[in-house]
Amino acid sequence: MKQLIKIVLTISVLIAIQLKAQTPISLESAYEKAFKNNLNLKSGQLRIDYQDKIKKSHAVIDPLNVSGEIGQFVSAYTDTKFSVNQTVRLPGFYNSQKQVLMEEWKNSMLSLEVQKWQLKREIALIYNELNYQNEKEKLLLRADSIYTNYYKRAELRLKKGESNILEKTTAENYRSQAEIQLVNLKKDREVSLYQFNFLINDETIYSNENVNFYEISEFNRDSNYVGNSVVLKQLEQQKSIELAKLKAEKSKLLPTFNIGYNNSSMYGTGADDKFYERSARFHSGMIGVGIPLFNGAQKSLIEAQKINQLIAENNYEIGSKNLKNQYEMLFGAFEKLKSETDYYQSKGLKNAETIMKTANRLYDEGEINYLEWSILINQSLDIQNKLIDTQKMLNEKIIQLNNLTQQ
């Protein structure tokens, strides 16, 4: 027991030192700092920058083909020739490639908004967890105080011969359980604080502010809920991307044009039936059309892309229905938990205080024994504990509902 007390005190001192280095922060301020510093959001912004840089890559032209020849073209004399050839496509091809890149750039911006939407929910849930741990600690400290006093009295009664060793052992067991729960709670809080600060990603170490854990925001059911606009916009954008890709694949069936220029010499009688010591140079131009006659493979890609478009449309329907389903499930849980917390706050806490006061009075007056007293005290503490647990779950449902209805 002494060793356990030393461990509890040591951990309490370490936690106290750590808490001194922490800066309390409001939930709204936590959002702002996380939006500036969160590593996932930084990656999302870099993705936007990348998509912005490659938007102009749609205008990539095929390489200019330059070739040269040397040899005996028309006579025994050596001649030279060089050619320049360029393949170009119709504007429709480049416009379709540009549209794909534009839609992907828009999608990267919407993806960042979805990341912020998810991050906001994560921070709010962890903030609620920290508030919950504060309330839990208050209750455990109260229980620890009650059982510590009970243990001292049981120890004194044993010395006076007014009780037996069983009462003292029971009191010691209750006190030890409260101490162990406090140690575990502090460890859980360390983990929650680590997660909280990981999401914020700031040089300063933050903790939650002391707020009213039981302050409930009323939430009215929206019978016309159609889904979260942030999520639906990105799902809609996926449809736009697949449509743009389909048009891009179709544009590959458009003909290409080849434009060329030739410059060659002709040395000897073969040039103009006369002999020249120095040959004349002759010029010619060329224009050609590339027609995709063997386009079976490309048509297969087009048909496959049509399926991708259908998948995107189906994903939109799935996402929309999932959001509606989540909303209904969360609202149902919210109503159930709301009724439970209303009971605990209106009647449960009063009953718990009445039970505790009555149990202490009857025990002091000798009307009940230590076993009956401990059962009543545990019942009182259990009611208070259930209120804290139920309130935590209710707050979580409110956070998730607000997140789903965020515009």
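The values are calculated or read from the model by the stated rules, or taken from the named source; none is laboratory data. The structure displayed is predicted, hence computed values, not measured ones. Cβ atoms come from the backbone with ideal geometry, glycine included; neighbour counts cover every protein chain shown. In case anyone asks, the SASA skips ligands and DNA or RNA and just uses the protein heavy atoms, side chains included. Shrake-Rupley method; radii C 1.70, N 1.55, O 1.52, S 1.80 Å.
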| note | Between (i) 65; (ii) 34; (iii) 51, the structure-derived percent of Cα pairs over 31 Å apart is (i)
| field | Label point distance in nm, T204-S223, each placed 7 Å from Cα along Cα→Cβ | value | 4.7
| said: If I fit a long axis through the Cα atoms of helix 27-37 and take the longest principal axis of the Cα atoms of the chain, what angle between them do I get, 0 to 90°, rounded to 10? | reply: 30
| query | What ³J(HN,Hα) values, in whole Hz, does the Karplus curve 6.51 cos²θ - 1.76 cosθ + 1.60 give for segment 95-108 when θ = phi - 60°, with x put for Gly and Pro? | reply | 5, 5, 5, 4, 5, 4, 5, 5, 5, 5, 5, 4, 5, 5
| request: Work the Kirkwood hydrodynamic radius out for segment 51-188: mean of 1/r over every pair of different alpha-carbon atoms, inverted, in Å. | output: 23.9
| said: Rolling a 1.4 Å sphere over the protein heavy atoms, what is the accessible area per residue of segment 191-252, to the nearest Å²? | reply: 57
| Ranked by how many other beta carbons lie within 10 Å on average, peptides 43-53, 247-257 from highest | 247-257, 43-53
| query | GNM, the chain, Cα, under 10 Å: largest mean-square fluctuation among I241, I291, I54? | reply | I291
| Given the pairs K138/K350; K56/K252; K42/K306, which span a C-alpha to C-alpha distance of over 28 angstrom in this model? | K42/K306
| Tell me, what is the FRET efficiency for I54 and E137 to the nearest 0.05, using R0 = 45 angstrom and their Cβ-Cβ distance as r? | 0.30
| message | For segment 117-142 and segment 372-407, what is the centre-to-centre distance using only Cα atoms, to the nearest Å? | response | 12
| field | In order through segment 311-322: 3J(HN,Hα) via Karplus (6.51 cos²θ - 1.76 cosθ + 1.60), integer Hz, x for Gly, Pro | value | 4, 4, 5, 5, 4, 5, 5, 4, x, 5, 5, 4
| message | Please enumerate, by chain and number, the aspartates and glutamates with C-alpha under 15 Å from the C-alpha of K186, excluding those fewer than 8 residues away in the same chain. | response | E129, E135, E137, D144
| So what's the angle, to the nearest 10 degrees on a 0 to 90 scale, between helix 39-53 and the longest Cα principal axis of the chain? | 20
| Rounded to whole Hz, the Karplus (6.51, -1.76, 1.60) HN-Hα couplings of segment 334-341, x for glycine and proline | 4, 4, 5, 5, 4, 5, 5, 5
| task | State to the nearest 20 debye the size of the charge dipole of the chain about its Cα centre, where the only charges are +1 on K and R beta carbons and -1 on D and E beta carbons. | result | 320
| Mean accessible surface per residue for segment 306-388, computed with a 1.4 Å probe while every protein chain stays in place, in Å² | 58
| message | Can you give the FRET efficiency to the nearest 0.05 for Q298 and I61, using r as the Cβ-Cβ distance and R₀ = 25 Å? | response | 0.80
| field | Share of carbon and sulfur in the accessible heavy-atom surface of the chain [1.4 Å probe, %] | value | 54
| field | Given charges at Cβ of Lys, Arg, Asp, Glu: segment 274-336 dipole, positive-most of I287, N314, L330 | value | I287
| field | Model label zone, I318; criterion: amide N under 18 Å from point 7 Å along Cα-to-beta-carbon; scope segment 230-260 | value | 231-243
| query | Counting Lys and Arg as +1 and Asp and Glu as -1, what is the net charge of the other residues whose Cβ lies under 13 Å from the Cβ of V230? | reply | +2
| Can you tell which of E242, E303, E104 shows the greatest fluctuation in a Gaussian network model of the chain with Cα springs below 10 Å? | E303
| request: Counting helices only, and only those DSSP H runs with n ≥ 4, report the 222 nm mean residue ellipticity of the chain as the sum of -39,500 (n - 2.57) divided by its residues, in deg cm²/dmol to the nearest 500. | output: -24500 deg cm²/dmol
| field | Test item: Cα-centred dipole of segment 103-157, Lys/Arg +1 and Asp/Glu -1 on Cβ, debye | value | 500
| remark: Heavy-atom accessible area with a 1.4 angstrom probe orders H283, H58, most exposed first, as H283, H58
| At a Förster distance of 60 Å, what's the computed FRET efficiency of V289 paired with E32, Cβ-Cβ distance as r, to 0.05? | 0.50
| Any idea what the dipole of segment 298-407 comes to, in debye rounded to 20, about its Cα centre with Lys/Arg Cβ at +1 and Asp/Glu Cβ at -1? | 520
| Among N262, Q345, S96, whose Cα sits farthest toward the positive end of the charge dipole of the chain (+1 at Cβ of Lys/Arg, -1 at Cβ of Asp/Glu, about the Cα centre)? | N262
